[in-house]
Amino acid sequence: MIEESVTSIPGQSFIDVGNKTIHLIGEVNEHMYATVQEGIGRLADSEGDYCFTLNSYGGNLTDGLAIYELITHFCGNTKIIVLGSCMSAAFVILQAGTERVASPMAEFMLHYGSEEADNGEAKKHNKRLFNKMRDCMLSKSKVSKTLMTKWCNSTKYMDSQEALEKGFVDRIMGDDNGQG
């Protein structure tokens, strides 16, 4: 028998089996990845689509890309709802959803982050990671590669309405005017 929910630890991701929801909270890291992996396994036999809530300032890009792949390859129809912040590596995770929803108060940020090493091999590696990140973010957006690169080379903040207009979310919660 599957337990109905998992007790959450404040500030950490957790699984709500009863609602087939995986809550992604806090830093994008190996703990968040493990929660998604466990959640997919625990919810695989239950009926209905997967649902994720997302509230994160970002974190490790490699873990963010791995979570993106878990969701896109193993979840089928997936709704991702942004409640709060969706920034940096979390922005990549959002793009894995087949339905991407923002709360009216959600805030978004994209950038390339920081490089920790400055030697030649590390720079090549980081450039590959950043290109993968950019391609994930472009996959469903209405933004050109040139504009996305410009935004990521600096830092781009946006609210729910701009995220909708740019194609980073499909609708805003409570928006019944035909846009989403």
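All of the numbers you see were taken from the coordinates with simple rules; none came from a lab. Quick caveat, the model's predicted, so the values are computed rather than measured. A quick note on method: Cβ atoms are made from the backbone with ideal geometry, for glycine too, and the neighbour counts reach across all protein chains shown.
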Rounded to the nearest 500 deg cm²/dmol, what is the calculated helix-only ellipticity per residue at 222 nm for the chain, with -39500 (n - 2.57) per DSSP H run of length n ≥ 4?
-11500 deg cm²/dmol
How large is the dipole of the range 14-172 about the Cα centre if only Lys and Arg carry +1 and Asp and Glu carry -1, each at its Cβ, rounded to the nearest 20 debye?
680
Can you order the peptides 104-112, 83-91 by their average number of other Cβ atoms within 10 Å per residue, highest first?
83-91, 104-112
Taking 0.36 nm per residue of sequence separation and subtracting the Cα-Cα distance, how much length would be gained by fully extending the chain between Thr98 and Asp175, in nm to one decimal?
25.9 nm
Could you please state, rounded to a whole Å, how far the C-alpha centre of the range 30-73 is from the C-alpha centre of the range 98-113?
16
Lysine pairs in the range 14-172 with alpha-carbon atoms under 21 Å apart, 8 or more places apart or on different chains: how many are there?
29
Mind putting a number on the dipole of the range 8-56 about its Cα centre? Charges go on the C-beta only, +1 for Lys and Arg and -1 for Asp and Glu, and I need it in Debye to the nearest 20.
80
With a ≥ b ≥ c from the Cα gyration tensor eigenvalues, square-rooted, and the rule rounded for a/c under 1.5, otherwise prolate when a/b > b/c and oblate otherwise, the range 14-172 is oblate
Sequence-separation-based contact order of the chain, relative, with Cα cut under 8 Å and 6+ spacing, percent:
16
Protection-proxy order for peptides 25-33, 128-136, each taking the mean of Cβ atoms within 10 Å per residue, highest first:
25-33, 128-136
Please give the length that would be gained between Gln12 and Ser144 if that part of the chain were fully extended, namely 0.36 nm times their separation in residues minus their C-alpha to C-alpha distance (nm, one decimal).
44.1 nm
Quick note, the range 23-68: a/c under 1.5 would make it rounded; otherwise a/b > b/c is prolate and the rest oblate (a ≥ b ≥ c, C-alpha gyration tensor); here it is prolate
